[in-house]
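> Please see the structure below; I have some questions.
The values are calculated or read from the model by the stated rules, or taken from the named source; none is laboratory data. All values derive from a computational prediction rather than experimental measurement. Positions of Cβ are backbone-derived with ideal geometry, glycine not excepted, and every protein chain shown enters the neighbour counts. These area figures cover heavy atoms from the full protein model, side chains too; ligands, DNA and RNA do not enter into them. Shrake-Rupley method; radii C 1.70, N 1.55, O 1.52, S 1.80 Å.
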Amino acid sequence: MSQSLFAALQALVGARHVQSSEEAAPYLTDKQGRYVGQVIAAVHPASTEEVAAVVRACVATDTPVVVQGGNTGLMGGATPDASGRAVLLLLDRMNRVRAVDTDNDTLTVEAGCILQTVQEVARTAGRLFPLSLGAEGSCTLGGNLGTNAGGTAVLRYGNTRELTLGLEVVTAQGEIWNGLRGLRKDNTGYDLRDLFIGSEGTLGIITAATLKLFPLPKAQVTALLAFDSLEQAVALLSHARAGFGASLTAFELLSAECLALLREQFPDGPRPFSSARQPWFALLELSDNHSESHAREVFEQVLGEAFEQHLLADALIAENLAQSQAFWQLRENMSDAQKRAGRNIKHDISVPISQVAAFVAHTDALLQQHFPGVRHYTFGHLGDGNLHYNVAHPLDATVDAHMAHYAALSRLVHDSAHAHGGSISAEHGIGQRKVNVLGRYKSAVELDLMRRIKQALDPLNLLNPGKVLEDMRP
Ligand code: MLT
Ligand code: ZN
């Protein structure tokens, strides 16, 4: 059976574009090296019609289909299981720009486009596509759509879902839905677009999207701020929102422990605030549609008021592009700094911004009580209430001993986020990593609705089985 499917796939997309499991090895391990899969074949179709034909061939042989973008996800959502039953679908040949419409401020691109390329195409057209995240040089738009990726500009522009007007999707039956509408208003029934976005390849295969574009800012001001407490950082954020309005485009948090780790792991990197005593820092970015001088004027006025109201302890303002890039480099290096320092227990929680300080105080104390000596590396998108609440091993314990507590420690963190009105996955998705814990935080009604949607759209459970929801095959 699998031999004849392999040959059928070769006939559909060309023999050069079908790989065996051995040849596809780099795609079969997730970025964290946590999951390793096997497949019948990895297929690289060149068009939506070819994707649809591949799906139909899989349906005919009862073969699961797993779609993967840049393989930068953190939840194992794009890694097939180890059974070797699935076909892996790679959309790297589907990377065309289909249309740029500057009057409508939209861009239509295929799912295999690298995010950075999408940003560059927009920039060439004199526009901004604002989705921005650490992996932008290798993640693809399809992966961003599949996971409803967030990143560092959500505060101003929203998640991938808010940046998308239309989609083209291959259904679980191998039909093509052309929903590439560039409409900002369209109340014609159920919102299929928003159902497919964030479904992690479990409801359909997104092959192209029509995206929103924005004006390119004329000037930007970047500053690194120091705070005496997390409460103070939250109060400053509120002040900055009121003072800057839509010009506030980033507010990214780093703890003092994070800055120290960055200095340790990147000794040649930037070292701002190296002798500061404050426990919290934030990178603030203001984008201005007028001019550099207007940006500075507004910035100084709002920050001046903040100092008078004791809403911050100190501020470093980037004087030029190089300094601004150095501040951003700190934030963007944070994941790698932790990777270099060894394995740790990562979380991607969100709570209402008003609950952030209470969440951190409560959860830090709880973890010290149950796992004394663990080290907290808390950073992330404070402007979205989204924290990467990461926990490293106590200095007197081994990494392995610490990692053995993964489930118990994470449960405390997730329970705490939930109790503070939050989510256990703000932007990284569920994948296979969090399938087993999702049921603890969603009501039976919500989970049942999700299962019924999956059942309705993919009754044979062939699309990325076992991701988001437990495998529903009989
Ligand atoms: C980030 O914001 O840096 C990432 O979402 C976190 C990560 O890669 O762990
Ligand atoms: Zn993040």
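> What about Arg98, is it surrounded by fewer than 24 Cβ atoms within 10 Å (Cβ to Cβ) and within 16 Å of ligand 2 (Cβ to nearest atom)?
In short, no.
> Please work out if Gly112 is open to solvent by less than 60 Å² (accessible area, probe 1.4 Å), over 17 Å from Leu216 (Cβ atoms), at pLDDT 95 or above and within 16 Å of ligand 2 (Cβ to nearest atom).
Taking the combined requirement at face value, the residue does not satisfy it.
> Would you pick out the residues in segment 416-436 that are more than 15 Å from ligand 2 (Cβ to nearest atom) and among the β-branched types (Val, Ile, Thr)?
Within segment 416-436, Ile430, Val435 qualify.
> For Glu231, work out the one condition from (1) under 28 Å from Asn159 (Cβ atoms); (2) out of contact with any helix residue (DSSP H, G or I) (no Cβ under 7 Å at 6 or more places or on another chain) it doesn't fulfil.
(2)
> Report the residue count in segment 339-383 for those that are polar (S, T, N, Q), open to solvent by less than 10 Å² (accessible area, probe 1.4 Å) and within 16 Å of ligand 2 (Cβ to nearest atom).
1
Rundown of residues vs (1) buried (at least 20 other Cβ atoms within 10 Å of the Cβ); (2) charged (D, E, K, R), yes/no style:
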site	(1), (2)
Arg16	no, yes
Glu23	no, yes
Gln38	no, no
Ala41	yes, no
Ser47	no, no
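> How many residues are closer than 20 Å to His310 by Cα and open to solvent by 10 Å² or more (accessible area, probe 1.4 Å) if we restrict to segment 237-267?
Of the residues in that region, 7 qualify.
> Same structure again: So if I check each of Asp400, Asp364, Asp396, which one is more than 16 Å from ligand 1 (Cβ to nearest atom), part of a loop (DSSP other than H, G, I, E, B) and over 14 Å from Glu427 (Cα atoms)?
Details: Asp400 fails: part of a loop (DSSP other than H, G, I, E, B); Asp364 fails: part of a loop (DSSP other than H, G, I, E, B).
Checking each option against the conditions leaves just Asp396.
> Based on this model, can you work out whether Val121 counts as open to solvent by 50 Å² or more (accessible area, probe 1.4 Å), of a type in the set (A, V, I, L, M) and out of contact with any Ser or Thr (no Cβ under 6 Å at 6 or more places or on another chain)?
Values: open to solvent by 50 Å² or more (accessible area, probe 1.4 Å): no; of a type in the set (A, V, I, L, M): yes; out of contact with any Ser or Thr (no Cβ under 6 Å at 6 or more places or on another chain): yes.
No: the conditions fail for Val121.
> Would you please list the contacts, defined by Cβ atoms under 6 Å and residues six or more apart or on different chains, that run from a residue in segment 54-77 that is of a type in the set (D, E, K, R) to a residue that is at pLDDT 95 or above?
That search, which allows pairs on different chains as well, returns Arg56/Gly174.
Residue by residue, here is whether (1) of a type in the set (S, T, N, Q); (2) within 13 Å of ligand 1 (Cβ to nearest atom) holds:
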{"position": "Leu107", "(1), (2)": "no, no"}
{"position": "Gly112", "(1), (2)": "no, no"}
{"position": "Leu115", "(1), (2)": "no, no"}
{"position": "Gln119", "(1), (2)": "yes, no"}
{"position": "Leu128", "(1), (2)": "no, no"}
{"position": "Gly134", "(1), (2)": "no, yes"}
{"position": "Gly146", "(1), (2)": "no, no"}
{"position": "Gly150", "(1), (2)": "no, yes"}
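> For segment 276-323, name all the residues that are at pLDDT below 95 and under 14 Å from Ala235 (Cβ atoms).
Hits for segment 276-323: nothing passes.
> Further question on the same structure: Only one residue in Leu409, Leu321 is among the aliphatic types (A, V, I, L, M) and either open to solvent by less than 10 Å² (accessible area, probe 1.4 Å) or touching a Gly at 6+ places or on another chain (Cβ under 7 Å) (or both). Which one?
Leu409
> Another question about this same structure. From Ser132, Ser138, grab the single residue that is in contact with a strand residue (DSSP E or B) (Cβ under 7 Å, 6 or more places away or on another chain), within 16 Å of ligand 2 (Cβ to nearest atom), open to solvent by 20 Å² or more (accessible area, probe 1.4 Å) and part of a loop (DSSP other than H, G, I, E, B). Don't jump to the end; show me each part of the working.
Details: Ser132 fails: in contact with a strand residue (DSSP E or B) (Cβ under 7 Å, 6 or more places away or on another chain).
Selected residue: Ser138, the only one of Ser132, Ser138 that is in contact with a strand residue (DSSP E or B) (Cβ under 7 Å, 6 or more places away or on another chain), within 16 Å of ligand 2 (Cβ to nearest atom), open to solvent by 20 Å² or more (accessible area, probe 1.4 Å) and part of a loop (DSSP other than H, G, I, E, B).
> Given the options Ser275, Ser291, name the one that is open to solvent by 10 Å² or more (accessible area, probe 1.4 Å), farther than 27 Å from Ala219 by Cβ and either hydroxyl-bearing (Ser, Thr, Tyr) or touching a strand residue (DSSP E or B) at 6+ places or on another chain (Cβ under 7 Å) (or both).
Just one listed residue meets the conditions, Ser275.
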